[in-house]
Amino acid sequence: MRRTLLLIITICLSFYSADAQSCSSIEEWDILITNEFPNVDTNTINSGGKTSNRILYNLYSDKYFIPFSNKSFEKLSFNSGVKTWKKLRNCRSKNKYQNLKNIGWITHFGLSPLSNEIAFNQVKKKSGEINNLRGEYNRIVNKFESGDVSYDELIRYKKLANTSFNSLMPSEVDHFLKLILENESTIANKSLLQSANQYTLREGNLNTLNDLENFKQLNQKMYAQANDDTRKVVTTILSDKKSAVLEVLMQNESNRLRQIGSGEIGLVNINSFFKNFENLYSKYQNYNSVNILYQDVVIGKTKIVSDLKENVSNKIANAKTPNQINDIESKYLSNTNKEDQMIVLINNYLLARKNTILNQIEVDRLKAELEARNKRLKETETKLAQLEKAVEIIDNYHRAIGGMVNLKNIKSTNYTMTPEINQDLSVFEVSGLNDFEMNTTEMRVEKSIFSSSLFKAYDKDGNLLKLQKIFYDGKGARSIRRSFPGGVSYPSLEHVEKEFENKDGLFSFENYKTSKFIKEVSYLGFETIEKIKYHKITYQTYNAYFGWRTGYAYFDVETHLLKIIKAWSPSNKEGWNYFENYKEVDGIKVPTRVYIGVNKYWVKVVTEFNMKNLPSNTFTYDF
């Protein structure tokens, strides 16, 4: 009886002690959450969110759950969990715990894996992953504390702090980063020295030399984090190793150098040797072994060139250009002893030959320049002679048709034309106006030669067919056209801003010396056309529609009259005008028949020509 009573008392005390310890553990969880996440309000975070899960999985990991229930959560059965939950679910109602900061989250979410089988299984899996991750974490922390972390491992551990380890509690991550910061310089010093010392064990070859040269670049992060004393020690280690490697390499290169013979072949070989030597070792000339071998190359080449002095002298003597001299200098005199007596003689001879060649080049240049100048002068003289002859021909033409005085007194013209159609054509031209219909059989054209010109075209019954007015401004002209019943219709006035050329064919050369529409006048000599001999003149003429064209004018050798004008059209077809039957009107000879086209496909017959001044109102029209 006494033994049974003692057992009942012991069980009751045990239950009371377990209940008190469990609620106290909830208080410990609250303190842990507050310390780890001081800025997190657990009343506002969502279940299943990143922060909520981070807290939950860590609380059920061994580090924090074993103190809670004296057992790993991974070894806890669901039924045991439910029993524990039943003991803890009412802790919140107790005065001591109801005001805890995180009691709401702990009661609703923190304890849910103990009562919800789905949550139980999920958290068991995730907390197991946290246990494994923390095991790796502790292993690395122990390596830091034992000083067994290499620099490469340090770089990897830095990444872990911000990736995998970020699932652990914030205090653990902070501790890990602190360890990295405290040991970074020490690890960099140690690793840098270890890497440098490993190079001292390598063989003396080009690969080792190149790796020594690139050591700092390959380990630039370690260099940046190591202290000055360590960097100085490493620099000394590398420099000593470079010197040792270069001693071995220079010995090998020296053996190769001694195998080079003499003569032109020896020269080719030693130049090739030096080129390769310079590519590999030019940056190491401050090392004694490299400098000594360089001097040996200079001595060896100097001897080869000295033995080839006659051959070199012949090459210099036969050189014709500065480039050939430069090639000889590069091949024979580069990397030689410039104070050697024979090298000095060869070099002086080369410089003298070079100056001779340069002087001859300058003489040839001046000669060519003089010849070109004389050629230009001769061409200019020829052009002047051709121009003078052209001026003579044109002046004779002006005198033949009445003289410049009479030409300049002309202020206007009034003439009637009757076209004779030689071929089936749809359009013909009168004074540059090219849009009259073929049923027109007679036209009267009035034209002023003042700065403001007016063209009028009439049919045989006196009806006005077309009108064109030109306003000259010194730079060009503004053209206004209008057609009337019987002519080609225009929907409205047409304003054309173009250069305008006076090319009626009667007085084309009147102002050729000052006109901006004629240039490059030149005499080409005689030409016979249809058994008639002509003086031929060429010139450039400007047309508002086609631009500059080449023109040719033919003047009768006997009468001096202008008989033919030929010009090239934009389509490179010849355009011809033939001027026949010159008759005198008011002291001026004018052609009364004008044939158009190379085959004279139609002709304008002037039936009346008046050279007198017309009334001023003749050239007035209200547009």
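Collect the residues in the range 215-230 that are surrounded by 16 or more Cβ atoms within 10 Å (Cβ to Cβ) and either under 12 Å from Ala188 (Cα atoms) or basic (Lys, Arg) (or both), keeping them in residue-number order.
If the condition is that a residue be surrounded by 16 or more Cβ atoms within 10 Å (Cβ to Cβ) and either under 12 Å from Ala188 (Cα atoms) or basic (Lys, Arg) (or both), then Asn219, Met222, Tyr223, Gln225, Ala226, Thr230 are the ones that fit.
When Ser272 is evaluated against the numbered criteria (1) within 25 Å of Ile328 (Cα to Cα); (2) assigned by the TED database to the domain that holds Ile187, which criterion, by number, is the only one it fails?
Result: Ser272 passes all but (2).
Checking Gly266 against (1) out of contact with any helix residue (DSSP H, G or I) (no Cβ under 6 Å at 6 or more places or on another chain); (2) without any contact (Cβ under 8 Å) to a residue 40 or more places away in the chain; (3) part of a helix (DSSP H, G or I), only one condition comes out false. Which one?
Single failed check for Gly266: (1).
Name the residues in the range 226-238 that are part of a helix (DSSP H, G or I) and in contact with a Leu (Cβ under 9 Å, 6 or more places away or on another chain), would you?
Thr230, Arg231, Val233, Val234, Ile237, Leu238
Applying the selection to the range 162-179, what residues are of a type outside the set (S, T, N, Q), part of a helix (DSSP H, G or I) and within 17 Å of Asn132 (Cβ to Cβ)?
Of everything in the range 162-179, those that are of a type outside the set (S, T, N, Q), part of a helix (DSSP H, G or I) and within 17 Å of Asn132 (Cβ to Cβ) turn out to be Phe165, Glu172, Val173, Phe176.
Going by the structure shown, is Gly128 open to solvent by less than 80 Å² (accessible area, probe 1.4 Å), within 60 Å of the chain's Cα centre (by Cα) and assigned by the TED database to the domain that holds Pro38?
Numbers: open to solvent by less than 80 Å² (accessible area, probe 1.4 Å): yes; within 60 Å of the chain's Cα centre (by Cα): yes; assigned by the TED database to the domain that holds Pro38: yes.
Spelling it out, Gly128 is indeed open to solvent by less than 80 Å² (accessible area, probe 1.4 Å), within 60 Å of the chain's Cα centre (by Cα) and assigned by the TED database to the domain that holds Pro38.
Out of curiosity, is Leu246 in contact (Cβ under 8 Å) with a residue 24 or more places away in the chain and within 25 Å of Ala188 (Cα to Cα)?
Answer is no for this residue.
Here is a yes/no grid of residues against (1) touching a residue at least 12 places away in the same chain (Cβ under 8 Å); (2) within 56 Å of the chain's Cα centre (by Cα):
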site	(1), (2)
Phe109	yes, no
Leu114	yes, no
Lys124	yes, no
Val141	yes, yes
Ser146	no, no
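Using the structure shown, decide if Lys389 is open to solvent by 90 Å² or more (accessible area, probe 1.4 Å) and in a helix (DSSP H, G or I).
Here the answer is no, as Lys389 does not meet what is asked.
Please name all residue pairs, on different chains or six or more residues apart, with Cβ atoms under 6 Å, provided the first residue is in the range 183-205 and is closer than 15 Å to Asp240 by Cα and the second residue is open to solvent by 50 Å² or more (accessible area, probe 1.4 Å) and hydroxyl-bearing (Ser, Thr, Tyr).
Between residues of the range 183-205 that are closer than 15 Å to Asp240 by Cα and residues that are open to solvent by 50 Å² or more (accessible area, probe 1.4 Å) and hydroxyl-bearing (Ser, Thr, Tyr), there is no close pair.
Is there a residue being out of contact with any helix residue (DSSP H, G or I) (no Cβ under 7 Å at 6 or more places or on another chain), among the hydroxyl-bearing types (Ser, Thr, Tyr) and surrounded by fewer than 17 Cβ atoms within 10 Å (Cβ to Cβ) anywhere in the range 62-72?
There is no residue in the range 62-72 that is out of contact with any helix residue (DSSP H, G or I) (no Cβ under 7 Å at 6 or more places or on another chain), among the hydroxyl-bearing types (Ser, Thr, Tyr) and surrounded by fewer than 17 Cβ atoms within 10 Å (Cβ to Cβ).
Could you please let me know if Leu293 is in contact with a Ser or Thr (Cβ under 8 Å, 6 or more places away or on another chain), surrounded by 12 or more Cβ atoms within 10 Å (Cβ to Cβ) and not assigned by the TED database to the domain that holds Gln198?
Working: in contact with a Ser or Thr (Cβ under 8 Å, 6 or more places away or on another chain): yes; surrounded by 12 or more Cβ atoms within 10 Å (Cβ to Cβ): yes; not assigned by the TED database to the domain that holds Gln198: yes.
Taking the combined requirement at face value, the residue satisfies it.
Report those strands (runs of 3 or more DSSP E) wholly inside the range 550-623 carrying at least 2 residues which are closer than 24 Å to Phe517 by Cα and modelled with pLDDT of 65 or more. Quick ask: steps written out before the conclusion?
On the way: elements: 562-568, 574-585, 588-596, 602-610.
Result: 562-568, 574-585, 588-596.
The values are calculated or read from the model by the stated rules, or taken from the named source; none is laboratory data. Remember, it's a predicted structure, so these values are computed and weren't measured experimentally. Reconstructed Cβ throughout: ideal geometry from the backbone, glycine too, with neighbour counts over all protein chains shown. Just the protein is used for accessible areas: all its heavy atoms, side chains included, with ligands, DNA and RNA removed. Shrake-Rupley method; radii C 1.70, N 1.55, O 1.52, S 1.80 Å.
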